[in-house]
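Q: Can you read through this structure? Questions will come right after.
Just so you know, all these numbers are worked out from the coordinates, no wet-lab data involved. Everything quoted here is computed from the prediction, not taken from an experiment. With ideal geometry, Cβ positions are generated from the backbone for all residues, glycine too; neighbour counts draw on all protein chains shown.
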Amino acid sequence: MHTVSVVVPVYNVEDYINACIDSLLTQDYANTEIILVDDGSTDASGKICDDYAQNNPSIIALHKSNGGLSSARNYGMDHATGDYALFVDSDDIIAPNTLSSCMKAVLQSGAETDCVVFTYVLIDEEGKKLGTDAEADTFPRNVCVSGNEALTYLLEDRIQNFAWRMLFSIEMWQNSGIRFPLNRLFEDVLTTYKFFMHSGKVTFLDERLYGYRQRAQSILHNITARTAESYREAFIERSNTIEKVLPKLHGLCEAQRYKAFYRVAMFTLTSTQQSVLEVRDKSISYLKKNRPSASTLEIFNRKQRITLSLLRRMPVKSIAKTIALAKKVQLAISSR
C-alpha cells in the first residue's frame with residue numbers, strides 16, 4: 001500500500017488547528033504520515049502540534065522560524081517520506097474518505113498518474129457549509145487526461161489555482177524540482193500549473209473532499225494595492241511561462257493575460273482605499289482600451305461576460321452599486 005504524506009503548514013491558527021488535525025486522523029486510509037510544520041507561530045499552535053505528535057505515531061511536528069506559506073510547504077516536503085503527498089492548510093478540513101478516494105483513483109488510472117485533482121466546499125469560520133464552489137458547472141467529470149490537457153483545463157478556468165486540492169507523486173515533485181516561490185503572494189497561481197506540466201497523467205475526481213474555510217482576515221478579504229498588483233502579475237507571469245514552454249497554448253495564455261486585468265478590477269471594485277482605487281482604475285482603463293477577442297471571451301463565463309461588458313461601458317461607481325444590489329437580491333432569493 002502506498003504511503004501518503006500530508007503536509008500541513010501551521011501559523012497562528014490555534015482556533016482551527018484541532019479541527020484540521022482531527023480530520024486527518026479520521027481518514028479511512030491507514031498508511032499515512034502527517035507532517036505539521038509550525039512556521040514560527042506566536043500563539044499556542046506549536047504546542048498543539050507537539051501534543052498531537054506525542055500521542056499519535058503517524059504525526060511529525062516540525063518547527064522553524066517564520067518564512068511564510070511557501071517556505072513551510074517546501075520544508076514539509078523536504079521531510080516527506082511517502083509515495084504521494086497532499087497539502088492541507090491548517091485552518092481547513094478534509095473529508096474522511098479524501099485519501100482513500102484519491103488513492104483509489106490512482107490505482108484505477110494507472111502508473112502514469114502523477115496527480116489527482118478533486119474539488120471542495122466552502123465553509124464558514126465555525127465549519128458550517130456556505131455553498132457550492134465556483135467550479136460546480138465546469139469541473140471535469142471523472143476523467144484521466146495528459147498533463148498538458150490538464151493545463152488546458154486550468155487556462156480555460158475550468159478549475160482554480162489551489163495547491164491543496166491535489167494529491168501528487170512525490171517522485172514527480174522531486175524530479176521536476178518544483179518549489180513554492182518565497183516572499184511572493186498568490187504562490188499557488190505561480191506553482192499549481194507546474195504540477196500539470198510535469199505530470200504524465202492527471203485524474204480529475206469529481207468529489208467534494210476539502211472544506212475551504214472562509215476567514216474574514218484572509219488576504220483575499222483584506223485588499224491592498226500590493227495585493228491587487230501581485231494578483232494581476234501572478235496570472236500574467238504564469239501565462240508568460242507556460243507560453244514559452246508550450247507555444248501552442250498562446251491563445252489561452254493571451255486570454256489569461258487579458259483576464260488578469262478583469263480579475264483585479266473585480267477584486268478591487270468596492271474598495272475605498274485611494275491606493276487600491278488607483279490600481280483598480282488602471283485595470284479598468286486597460287479593459288476599456290482593449291477589446292477582447294472572441295477566443296478570449298471563451299474563458300469568461302456568462303456572469304463574467306456581463307460584468308466585463310459593464311466594466312467597459314459604465315462608470316465605476318454605477319457598476320459597484322449594480323453588482324452590490326445584484327448580490328443582495330441573490331442572497332435574499334437563496335435564503336428563502
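Q: Determine, for 120, 212, the number of other Cβ atoms within 10 Å of each Cβ, and report the residues in order from fewest to most.
A: Taking fewest neighbouring Cβ atoms as first place, the list is 212, 120.
Q: Would you mind finding the longest exposed-site-free stretch of the chain, with exposed GluC sites (Glu not before Pro) meaning DSSP loop and at most 16 other Cβ atoms within 10 Å?
A: Details: sites that count: 14, 112, 125, 126, 156, 298.
Answer from the scan: 157-297.
Q: For helix 302-313, what angle does its Cα long axis make with the longest principal axis of the chain, in degrees from 0 to 90 and rounded to 10?
A: 40 degrees
Q: Assuming 0.36 nm per residue, please report the length gained on full extension of the stretch residue 112 to residue 126 beyond their Cα-Cα distance.
A: Answer, rounded to one decimal: 1.1 nm.
Q: Next question, about the same structure. What net charge do the residues around residue 176 carry, taking every other residue with its C-beta under 13 Å from that of residue 176, with Lys and Arg at +1 and Asp and Glu at -1?
A: 0
Q: With a sphere of radius 9 Å drawn around the Cβ of residue 61, what net charge do the other residues whose Cβ falls strictly inside it have (Lys, Arg +1; Asp, Glu -1)?
A: -3
Q: How far, in nm, would the chain grow between residue 79 and residue 142 when pulled straight, counting 0.36 nm per residue and subtracting the alpha carbon separation?
A: 19.5 nm
Q: Further, regarding this structure: Tell me, what HN-Hα J-couplings in whole Hz come from the Karplus equation 6.51 cos²θ - 1.76 cosθ + 1.60 at θ = phi - 60° for each residue of region 113-126, using x for Gly and Pro?
A: 3J(HN,Hα) across region 113-126, in whole Hz: 6, 9, 8, 10, 10, 10, 10, 8, 10, 8, 10, 8, 5, 8.
Q: Would you mind computing, in nm to one decimal, how far apart the modelled labels at residue 309 and residue 174 are, each placed 7 Å from Cα along Cα→Cβ?
A: So the label points at residue 309 and residue 174 sit 5.4 nm apart.
Q: Next question. Using 0.36 nm times the number of residues separating residue 289 and residue 214, minus their current alpha carbon distance, what extension gain do you get?
A: This chain segment gains 23.5 nm when fully extended.
Q: Just from the alpha-carbon atoms, what are the Rg and Dmax of region 119-270 in angstroms?
A: That works out to 15.7, 45 Å for Rg and Dmax.
Q: When the chain is modelled as a GNM with alpha-carbon springs shorter than 10 Å, which of 59, 242, 319 fluctuates the most?
A: Of the options given, 319 has the highest mean-square fluctuation.
Q: So, one more: Run the simple label-point estimate for residue 206 and residue 270 please: 7 Å along Cα→C-beta, distance reported in nm.
A: Output for this residue pair reads 3.2 nm.
Q: Looking at the chain only, what percent of DSSP beta bridges run antiparallel? Nearest 5 please.
A: Details: 15 of 42 bridges.
In the chain, DSSP labels about 35 percent of beta bridges as antiparallel.
Q: If I fit a long axis through the Cα atoms of helix 250-267 and take the longest principal axis of the Cα atoms of the chain, what angle between them do I get, 0 to 90°, rounded to 10?
A: Once rounded, the angle reads 80 degrees.
Q: Still on this structure, I have one more. Count charges around residue 104 for me, please; just the other residues with Cβ under 14 Å from its Cβ, Lys/Arg as +1, Asp/Glu as -1.
A: Details: positive: none; negative: 28, 206, 207.
Its environment carries a net charge of -3.
Q: Still on this model: Please compute the modelled spin-label separation between residue 1 and residue 281, points set 7 Å along Cα→Cβ, answer in nm with one decimal.
A: Distance between the two pseudo-spin positions: 6.1 nm.
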